[in-house]
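The values are calculated or read from the model by the stated rules, or taken from the named source; none is laboratory data. Given the structure is predicted, the values throughout are model-derived calculations rather than measurements. Backbone-built Cβ (ideal geometry, glycine too); neighbour counts: all protein chains shown.
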Amino acid sequence: MAYITVKEENLSPQTIQVLNTVLDIKEPPVARCRLLSKGIEPYHRLYLPEKVLVDGDRACIACGNCIDSCPVLRREPDRRARTVQRTSFALEVLVAEDCEQCYACVMSCPQVDTGIKDYVVEDRVVEVIPQKKGLKWLDNYFMVFVALIIGIVIGVFITW
Ligand code: SF4
Ligand code: SF4
């Protein structure tokens, strides 16, 4: 059964429709996912001087997480070195249509809602280690067998 958080349930059908369109485009999706999010909540801030209102701000905060997590840029340091900018705009310029739609940038962005990340994990992220139920069953029995052998060896060693 799929793991669904309360926040994912809050995604409206319209948001899911737009999100699917965004995720289908072969370009860095993080900025669009950010704009589909709710933005900074009052409790997200560690400190801000009074009278500076940033609640609901969905702007890129230039943390560079998306740049750091992109496999295209990690494989090609020369491409990454073309700019020192660490924003979603820089990611879009550097990667463009070479995006592999892994969604690592979406997952690493602090400005993207958890509900959107949950949706991406459940519906878009490819399982790299597919595990069939039969294999899992065998795994469990194999570990029990190994534990049994170790127990017997220890028992023999102690009584010897
Ligand atoms: S992290 Fe993945 S989805 Fe994001 S731009 Fe890079 S390749 Fe595309
Ligand atoms: S991860 Fe950081 S740099 Fe990238 S889009 Fe989100 S806020 Fe901007």
Can you tell me which residue in the range 60-87 is surrounded by the fewest Cβ atoms within 10 Å (Cβ to Cβ), limited to those that are among the hydroxyl-bearing types (Ser, Thr, Tyr) and more than 9 Å from ligand 1 (Cβ to nearest atom)?
THR83
Which condition does MET1 not pass, out of (1) modelled with pLDDT under 95; (2) in the same structural domain as VAL112 (by TED's automatic domain parsing); (3) not polar (S, T, N, Q), if it passes all the others?
(2)
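Can you find, within the range 102-117, the residue that is nearest to GLU27 (Cα to Cα) among those that are of a type in the set (Ser, Thr, Tyr) and within 13 Å of ligand 1 (Cβ to nearest atom)? Break it down stepwise before answering.
From the range 102-117, those of a type in the set (Ser, Thr, Tyr) are 103, 108, 114; that's our starting set.
With within 13 Å of ligand 1 (Cβ to nearest atom) added as a condition, the list becomes 103, 108.
Working: TYR103: 10, SER108: 16 Å.
Only one residue fits best here, namely TYR103.
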Looking at the range 145-160, which of its residues are at pLDDT below 85 and part of a helix (DSSP H, G or I)?
THR159
Given (1) closer than 21 Å to LEU36 by Cα; (2) in contact with a Cys (Cβ under 9 Å, 6 or more places away or on another chain); (3) more than 12 Å from ligand 2 (Cβ to nearest atom), VAL72 misses just (1)
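Would you check if CYS66 is farther than 17 Å from ASP113 by Cβ and either touching a residue at least 12 places away in the same chain (Cβ under 8 Å) or not β-branched (Val, Ile, Thr) (or both)? Walk me through how you get there before you give the answer.
Values: farther than 17 Å from ASP113 by Cβ: no; either touching a residue at least 12 places away in the same chain (Cβ under 8 Å) or not β-branched (Val, Ile, Thr) (or both): yes.
Criteria not met by CYS66.
I'd like to check which helices (runs of 4 or more DSSP H) are fully inside the range 34-93 and have at least 1 residues that are hydroxyl-bearing (Ser, Thr, Tyr) and at pLDDT 95 or above. Before the answer, list the steps.
On the way: elements: 65-69, 71-75, 77-80.
Here the list reads 65-69.
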